[in-house]
Amino acid sequence: MTDVIDGKKVAEEIKNEIAREVDLLKKKHDKQPGLAVVLVGEDPASQVYVRMKGRDCEQVGIESFQYTLPEETTQEELLKLVKELNGRDDVDGILVQLPLPAHINESLILNTLDPKKDVDGFHPVNVGKLVTGDEDTFYPCTPYGCQELINRHVSDLKGKHLVIVGRSNIVGKPMANLMVQKNQRANCIVTICHTAAPDISYYTRQADILVVAAGRPEVVSGEMVKEGVVVIDVGINRIDDPVNEGKKKLIGDVRYEDVAEKASAITPVPGGVGPMTRVMLLKNTLKAFKQHNNIA
């Protein structure tokens, strides 16, 4: 029987752990972690994400500073705000919600963040530390959440073949770097495959653990995986709902029913990786707070 990996349940467990630790830190040090979230423009999806992150912070006792800037905000104005947040003692983590408007250089903004406050894990300093296996860094939240789910469902990862479909800087590449490291949470044989492969299924059929972050709806079918595979579906795609006319439904990058027949464990969409991404941001913020205040 296939085990449905409940990311929502795991995220709630981690959130409760964070809330307890934050409460203890408040009592002991009379301080609480602070997360600044910066949103530029009126992208509806980004607005929803920012609201949800604010609610998450409130639930665990992290102070949330939210900055909603108009679409026409200049690059210079945004840089000024980022530098101001870098210098604030009550802000331990900074997240600039992507995507930014076209007239703003995303790389320039992200590179201006203080690496010690880069709780999204995208600053080149933190990316470099991830590659070299330095644990004194912040892991990008989606791969970090995927790793947590894998660790809770595979007892011994040593030598397992982990195949990743997708090579983005947000999921594919950091996921590979996380899982190839020589530690108990990883130590996998890692393969990345993508659109340049003549036949992606050649690689996916070899996977003991398959992480799919292709950005294409239902690109992986049952015939593309082997029996007993653990499947982590990172995809979130909105398509027309064939049952409810005029409405949308969420599906992943994996044909769920098809693949679930062969998988030993699989994440659903929604309710799999999504909640984990949000909770790992809280975990990174707590880590930043402890580093900032020299708390072991």
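Data for the structure
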| item | result |
| --- | --- |
| Matching entry among 258, 233, 253 (being under 20 Å from residue 12 (Cβ atoms) and either out of contact with any Ser or Thr (no Cβ under 7 Å at 6 or more places or on another chain) or at pLDDT 95 or above (or both)) | 233 |
| Per-region count, the range 37-96, residues among the aromatic types (Phe, Trp, Tyr) and in contact with a Cys (Cβ under 9 Å, 6 or more places away or on another chain) | 0 |
| Close pairs from the range 83-97: first among the small types (Gly, Ala, Ser), partner assigned to a loop (DSSP other than H, G, I, E, B), Cβ under 8 Å, at least 6 apart | 93/33; 93/119 |
| Within the range 260-285, tally of residues that are closer than 26 Å to residue 45 by Cβ, part of a helix (DSSP H, G or I) and of a type outside the set (Lys, Arg) | 11 |
| Inter-residue pairs, beta-carbon under 9 Å, first surrounded by fewer than 11 Cβ atoms within 10 Å (Cβ to Cβ) and in the range 236-260, second part of a helix (DSSP H, G or I), 6+ apart | 257/222 |
| Evaluation of residue 91 against (1) outside any loop (DSSP other than H, G, I, E, B); (2) farther than 20 Å from residue 17 by Cβ (one fails), failing number | (1) |
| Which numbered condition residue 135 fails, given (1) in contact with a His (Cβ under 9 Å, 6 or more places away or on another chain); (2) surrounded by fewer than 19 Cβ atoms within 10 Å (Cβ to Cβ) | (1) |
| Residue that is nearest to residue 284 (Cα to Cα) [pool: residues in the range 64-106 that are touching a Leu at 6+ places or on another chain (Cβ under 8 Å) and of a type in the set (Ser, Thr, Tyr)] | 64 |
| Residues within the range 53-75 that are assigned to a helix (DSSP H, G or I) and surrounded by 13 or more Cβ atoms within 10 Å (Cβ to Cβ), tallied | 7 |
| Any hit, the range 31-45, residues being touching a Leu at 6+ places or on another chain (Cβ under 9 Å) and part of a helix (DSSP H, G or I) | no |
| Out of 64, 46, sole residue that is of a type outside the set (A, V, I, L, M, F, W, C) and closer than 26 Å to residue 293 by Cα | 64 |
| Selected residue (only one of 139, 203 is of a type in the set (Ser, Thr, Tyr) and in contact with a Cys (Cβ under 6 Å, 6 or more places away or on another chain)) | 203 |
| Filtered residue count, the range 234-259, keeping only those that are acidic (Asp, Glu) and in a loop (DSSP other than H, G, I, E, B) | 3 |
| The lone exception for residue 113 - which of (1) modelled with pLDDT under 95; (2) buried (at least 19 other Cβ atoms within 10 Å of the Cβ) it fails | (1) |
| Residue list for the range 1-12, filter: modelled with pLDDT of 95 or more and either in a loop (DSSP other than H, G, I, E, B) or under 17 Å from the mean Cα position of the chain (by Cα) (or both) | 5, 6, 7, 8, 9, 10, 11, 12 |
| Filter result for the condition that a residue is part of a helix (DSSP H, G or I), touching a residue at least 40 places away in the same chain (Cβ under 8 Å) and over 23 Å from residue 275 (Cα atoms), over 78, 24 | 78 |
| Residue list for the range 207-235, restricted to those being surrounded by fewer than 17 Cβ atoms within 10 Å (Cβ to Cβ) and out of contact with any Gly (no Cβ under 9 Å at 6 or more places or on another chain) | 221, 222, 223, 226, 227, 228 |
| Residue 284, sole failed condition from (1) within 29 Å of residue 193 (Cβ to Cβ); (2) out of contact with any Phe, Trp or Tyr (no Cβ under 8 Å at 6 or more places or on another chain); (3) buried (at least 19 other Cβ atoms within 10 Å of the Cβ) | (2) |
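The values are calculated or read from the model by the stated rules, or taken from the named source; none is laboratory data. Everything numeric in this text was worked out from a predicted model, so none of it was measured. Counting neighbours? That spans all protein chains shown, and the Cβs are built from the backbone with ideal geometry, glycine included.
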